[in-house]
Amino acid sequence: MSTKSDPFKLENKVAVITGAARGIGAAIAESLAERGANVLITDVDEQAAKDTAQRLNDKGLKAFSKTHNVTIESEWAAVIAYAEKNIGPIDILVNNAGIETASLIANCEVQDFEKVMNVNVTGVFLGIKYAVKAMQPGGTSGKGGNIVNLSSVAGIIGTSGHIAYHASKGAVRTMTKAAAIECAQLGTQIRVNSIHPAIVQTQMGTSFIQDFVDLKLVPDYATAEAAIKAAHPMGKFGEPSDVANAVIYLASDAAKWVTGTELVLDGGYTAA
Ligand code: NAD
């Protein structure tokens, strides 16, 4: 029998995943828990977060839930305190919660732009802030850790009709690098990385395709879907588990030399 230890293992790690009631976040929570982590599922949708945690508990996995709006600073303090009291010192934060809206630039209202920036940028900033405060030496958790931020290929390239979403995901990309450098230079033992998926099959993935129809850029959903799929050299969209697997890598010791990186998951979409 091999005695080599598994660098991907997450046994007894404590992980907080935001927006994890459904979609990519739920898949991340399940995958981390399957590798032995204790996961705290947070979401604005209280009942859905509870249901997802219960579904994982029913499979024998260690999952908890807490209502959480990532845009509210006091709720971040409450989430960290809840995790530390009920589960243990935090090792992993996945800033997954996000929203998208669609509008042509000339019609994009400031309130809509700010709403996206508030959830996708301020929410991630607050997550980084509270995770660093807790994980850094002398913090309430105090043993370093990992922060993984959900950006998107939209943080690297543009598309029509989504100016706010692109602005927000570009900010997540560079906030990640700024945090990674500061955390490394201060010797915090905290790594910070971002993940950049193309279309993933979730509620948001479907909405993103439908946006092109609603904005009258394409005649119907089937045409939009076929055009976007054709732009992916592998000819298919991602699955939530593809993103979850990337989080496992970044949050584990397998990535112990990786910080400030942008991990693109896109079936070759941005390689051309
Ligand atoms: P989704 O819409 O299916 O799920 C998002 C979850 O976030 C929901 O449970 C929602 O209730 C929660 N949420 C929304 N606002 C919140 C807030 N203020 N506070 C806490 N929770 C909140 O989306 P998804 O497809 O699972 O996307 C997850 C992340 O991945 C997002 O950051 C998204 O931008 C990113 N992403 C998605 C795709 C895709 O095609 N699906 C591609 C690239 C990146």
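Of note:
- Largest-first principal axis extents, alpha carbons of the stretch 33-74, Å: 31, 19, 10
- The long axis of helix 221-231 is offset from the longest Cα principal axis of the chain by roughly 70 degrees.
- Rough spin-label spacing in nm, given labels placed 7 Å along Cα→Cβ, for Trp257 and Val110: 4.9
- Expressed as a whole percent, the proportion of Cα-Cα pairs in the chain lying more than 30 Å apart is 26%.
- Size of the stretch 126-272 from its Cα atoms: along the principal axes, largest to smallest, the extents are 57, 28, 26 Å.
- Built from the Cα atoms of the stretch 1-118, the convex hull projects on average onto 9.6 nm², one quarter of its surface area.
- Radius of gyration (Cα atoms) of the stretch 101-144, expressed as a multiple of 2.2 N^0.38 Å: 1.76.
- Length gained when the stretch Glu84-Thr67 is fully extended (0.36 nm per residue, less Cα-Cα span): 4.5 nm
- Across the stretch 120-258, the mean sequence separation of Cα contacts (distance under 8 Å, 6 or more residues apart), normalised by length, yields a relative contact order of 23 percent.
- Where labels lie 7 Å past Cα in the beta-carbon direction, separation of Glu11 and Lys177 in nm: 3.8
- Student exercise, the chain dipole from Lys, Arg, Asp, Glu Cβ charges, in Debye to nearest 20: 820
- Its Kirkwood hydrodynamic radius, worked out from the mean inverse distance over all distinct Cα pairs, puts the stretch 15-59 at 9.9 Å.
- Principal-axis tilt of helix 203-214 within the chain, Cα atoms, nearest 10 degrees: 20
- Each peptide in 36-42, 128-134 was scored by the mean count of other Cβ atoms within 10 Å over its residues; highest first, the order is 36-42, 128-134.
FYI, it's all coordinate maths here, none of it is from the lab. Remember, it's a predicted structure, so these values are computed and weren't measured experimentally. We place every Cβ from the backbone using ideal geometry, glycine too, and count neighbours over all the protein chains shown.
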